[in-house]
Amino acid sequence: TNQSISKVLQDSLHSIAQLKAERDEEGNIIQLTVDRVNNAFESNFKINFYEVQDQKADYIFDLIFNNQFNLNELILFKRKRTKEFYASKLDRWFKVHMLIPEYNKFVLIFEDITKMKTKLQELEESKQKYKVLLEAIPDIFFVIDKDGTYEDFVVKESHLFKIEDANIIGSTIYDVGFPGNMASKIYGCIQASLANNSIESIEYSLNTPNGTFLYEMRLTKLSSQSVIAISRDITKRKTAEFSLEKALVKAEESD
């Protein structure tokens, strides 16, 4: 079994170091030294086994990672012996896993997560880019699933009402934002948009502390399970239309 484990560790693509501990009479670790490293460790960190064997672990890791990896944190933090850190000297991100197969034996597995971190950063930057773009548009954007549950939204801070994530995400159109009859109409639009891959529109009024405002909502299919709903404040337009219609009637009466 030990030979099989040694072969797996040696052939692993992750950088692995096996440490041996020297303890005092009370069981406290006095010193950790490098017992062995695998091929990936030598290749990835450009250091040979004979250079690290029987050397103090702290010294070797400080040499490789330029004092950016703290071994003691992993040893002291008993519940979760994993740690992520950035090694600027190597320009890489690592996730370190510590295993303790024996009382005086520690195994450190260095998982290179640079690609994952880079991808996550790119996704976050892309998300922020489109978030800013959407916030620059005066409309309100909602992502609503087929059951009428809010999945996401973008509302400008300057709007007449404030909506918090905690109050809306996970809630339904029946719980937040609309009276029952209007929520039912919107639900019908959601089903029609999903079934027909169509753009549905509906006008509604919304009462706020600053008065009643009119909105037009357009819904279009985002995925097989959700739609994106875009609400636009049409109060000024409707007021202008009403004023124009009123003026037209008055003019006709004058004639």
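The values are calculated or read from the model by the stated rules, or taken from the named source; none is laboratory data. This structure is a prediction, so every number in the text was calculated from the model and none was measured. All Cβ positions, glycine included, derive from the backbone under ideal geometry; neighbour counts span all protein chains shown. SASA here: full protein model, heavy atoms, side chains in, ligands and nucleic acids out. Shrake-Rupley method; radii C 1.70, N 1.55, O 1.52, S 1.80 Å.
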(Q) Checking Phe110 against (1) touching a strand residue (DSSP E or B) at 6+ places or on another chain (Cβ under 6 Å); (2) part of a helix (DSSP H, G or I); (3) not small (Gly, Ala, Ser), only one condition comes out false. Which one? (A) (2)
Q. Can you name every residue in the stretch 199-255 that is modelled with pLDDT under 80, under 30 Å from Asp145 (Cβ atoms) and loosely packed, with under 11 Cβ neighbours inside 10 Å?
A. Asn207, Thr208, Pro209, Thr212
Q.
Suppose we filter the stretch 100-141 for residues that are open to solvent by 90 Å² or more (accessible area, probe 1.4 Å), of a type outside the set (Asp, Glu) and within 21 Å of His14 (Cβ to Cβ); how many remain?
A. 4
Q) On the given criteria, is Asn28 more than 15 Å from Phe94 (Cα to Cα), over 32 Å from the mean Cα position of the chain (by Cα) and either open to solvent by 60 Å² or more (accessible area, probe 1.4 Å) or not β-branched (Val, Ile, Thr) (or both)? A) yes
Q: Looking only at the stretch 156-164, decide whether some residue is touching a Ser or Thr at 6+ places or on another chain (Cβ under 8 Å), at pLDDT below 75 and of a type outside the set (A, V, I, L, M).
A: yes
Q | Enumeration of residues in the stretch 48-72 that are more than 13 Å from Leu32 (Cβ to Cβ) and exposed (fewer than 15 other Cβ atoms within 10 Å of the Cβ) | A | Asn48, Phe49, Tyr50, Glu51, Gln53, Asn66, Asn67
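Okay, residues lined up against (1) assigned to a loop (DSSP other than H, G, I, E, B); (2) among the aromatic types (Phe, Trp, Tyr); (3) without any contact (Cβ under 8 Å) to a residue 24 or more places away in the chain; (4) touching a strand residue (DSSP E or B) at 6+ places or on another chain (Cβ under 6 Å):
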| position | (1), (2), (3), (4) |
| --- | --- |
| Ile16 | no, no, no, yes |
| Ala21 | no, no, no, yes |
| Glu25 | yes, no, yes, no |
| Ile30 | no, no, yes, yes |
| Tyr50 | no, yes, yes, no |
(Q) Out of everything in the stretch 73-89 that is among the hydrophobic types (A, V, I, L, M, F, W, C) and open to solvent by 90 Å² or more (accessible area, probe 1.4 Å), what residue ends up being modelled with the highest pLDDT? (A) Leu76
Q. Of all the residues that make up the stretch 104-146, how many are within 15 Å of the chain's Cα centre (by Cα) and of a type outside the set (A, V, I, L, M)?
A. 13
Q. Among the residues of the stretch 1-14, which ones are open to solvent by 100 Å² or more (accessible area, probe 1.4 Å), of a type in the set (S, T, N, Q) and not in a loop (DSSP other than H, G, I, E, B)?
A. Asn2, Gln3
